[in-house]
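Below: the structure, in structure tokens.
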Amino acid sequence: MLPSAKVLSAWHGSAFRHSRWIGHTARPGVVSPSHENRVRRDSAVFDRTLIMGNGGCGKTWLARRLGNALVFPVVHLDDMHWELGRCGVARDRGLRDADVQAAAQADTWIMEGIYGQLVNVVSGRISALVWIDLPEEECIANIKQRGTQRGESQEQFQDLLNWVAEYRTRAKNWNSFEGHSKLFAGFPGRKWHLSSRNEIAAFVEHVIRSSAAATDVSGGGAAECRSPK
């Protein structure tokens, strides 16, 4: 599954393209206002984080990991897209979109899903966009490892594997590499494109340390994380 405990404990600064750690040591008990405000801004970036990517790339795993670390509610777009207890039956799109928009009005959340159209619906509320872009082979292996879900048949399971394999070849589709690439390029806020397990692990560490720094800043000596604007 994504990622292993060994990977989670590793730090690969060179692999993490979108953020870098800068050590900061303040005098005991002294924190400058500018440093305190900067650290809090870094943490607030993740108040409403949306994670998108191909099926089986680890969106649910990452969303739960961040939700636990930040104590934020986690919204799974699959739960809003599909009829409860009816595998393969999509909900009315108007009702689905309204529910997703309502969920996005909360002050804090971690939202995840492949649905590019829904990402577009809530784009104005997103504070951080994360695109997990692993090779299709890894995504397929992850799906095979987790097995069938939501009562799907073996035929539906094979259809899912085929659909995941076509992620980079589907054209004019919100739920594809092309669709996600356009959404990512057009998003004006802070964003991360994670294309390996090491980068996913580094991003988790980035968020956890940023949150911890914001919590501890009043005590001084916090580690500062800066990300590019």
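Once label points are set 7 Å from the Cα along Cα→Cβ at both ASN68 and LYS182, what is their separation, rounded to one decimal in nm?
Result: 3.7 nm between the two label points.
Does the stretch 64-104 classify as rounded, prolate or oblate by the C-alpha gyration tensor (a ≥ b ≥ c root eigenvalues; a/c under 1.5 gives rounded; else a/b over b/c gives prolate, otherwise oblate)?
It comes out oblate by the Cα gyration axes.
Report the rotationally averaged projected area of the stretch 30-215 based on its alpha-carbon convex hull, in square nanometres.
In nm², the orientation-averaged hull projection of the stretch 30-215 is 11.2.
So if we plug the beta-carbon distance of PHE157 and ASP107 into 1/(1 + (r/R0)^6) with R0 = 35 Å, what FRET efficiency do we get, rounded to 0.05?
About 0.40, to the nearest 0.05.
Here, each number is a calculation from the coordinates, and none is a lab measurement. Here the structure is a predicted model, which means the values were calculated and not measured. Using ideal geometry, Cβ is built from the backbone for each residue, glycine included, and neighbour counts are taken over all protein chains shown.
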